[in-house]
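Enquirer: Below are the structure tokens for one structure; questions will follow.
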Ligand SMILES: [Zn+2]
């Protein structure tokens, strides 16, 4: 195995990639396999693909890209046979925003040659319907936009079961403070997190875009942090 895969519930795992501690989620059904985000480079994506074969015996058939930041989307270049689910903003970025993706990736320490190879291999996806239900055989997952926050188009993936798992993208971060830039909406973000809390229920597992799996109390503390961040700038 190339990465440490943390089992969350039956047929559901996540890996924390060494580069930027970004989360990749994996959900296996009886007939199909879904990845949540793909890392930054073809090399990372190939290593993910190999691990998925070992864990599930299947190729990746479905991919959800949570938002248009390089560390979540560029690895999708490797998975040419997979159906990609993403917001229109992600499709737009992968079509016309690759210079910006490259600049960000290199600024964060990615190898420029690897990033260029990855961008050359990209095939921009068509945005899917949202919310969407994806049937993996014997289990379904839902993909939805809970509201504005880290970006204006973040998607979450909810896997229901005895213990619900919510892949939060960068709406939740554990290994650092929430990442805020000019595309974030800090006013809306706390109520967007209410939607995640409702989806997870009291015992659900919330998987951040970066960092360890958290519970509802952690997300409530992050709501308070965001409210305080905004209040300090008014
Ligand atoms: Zn992000």
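Enquirer: Can you compute the helix-only [θ] at 222 nm over the chain? Use -39500 (n - 2.57) per DSSP H run of at least 4 residues, normalise by all residues, nearest 500 deg cm²/dmol.
Expert: -10000 deg cm²/dmol
Enquirer: So if we plug the beta-carbon distance of residue 19 and residue 100 into 1/(1 + (r/R0)^6) with R0 = 22 Å, what FRET efficiency do we get, rounded to 0.05? Spell out each step's value before the answer.
Expert: Values: r = 19 Å, r/R0 = 0.85.
With R0 = 22 Å, the Cβ-Cβ based efficiency is 0.75.
Enquirer: What share of all Cα pairs of the chain, in percent, falls into each consecutive 5 Å distance bin?
Expert: Final binned percentages: 1, 7, 16, 20, 21, 17, 11, 5, 1, 0, 0.
Enquirer: Oh, and also: I'd like the distance between the alpha-carbon centres of the range 47-100 and the range 200-234, rounded to an integer number of Å.
Expert: Centre-to-centre (Cα) distance: 25 Å.
Enquirer: Moving to a separate point now. Relative to the present Cα-Cα distance, how much length would full extension add between residue 31 and residue 225 at 0.36 nm per residue of separation?
Expert: Length difference between fully extended and current span is 65.7 nm.
We did not get these values from a lab; they are worked out from the coordinates using the rules stated. Please read all numbers here as calculations on a predicted model, not as lab measurements. Glycine gets a Cβ as well: all are built from the backbone with ideal geometry, and neighbour counts include every protein chain shown.
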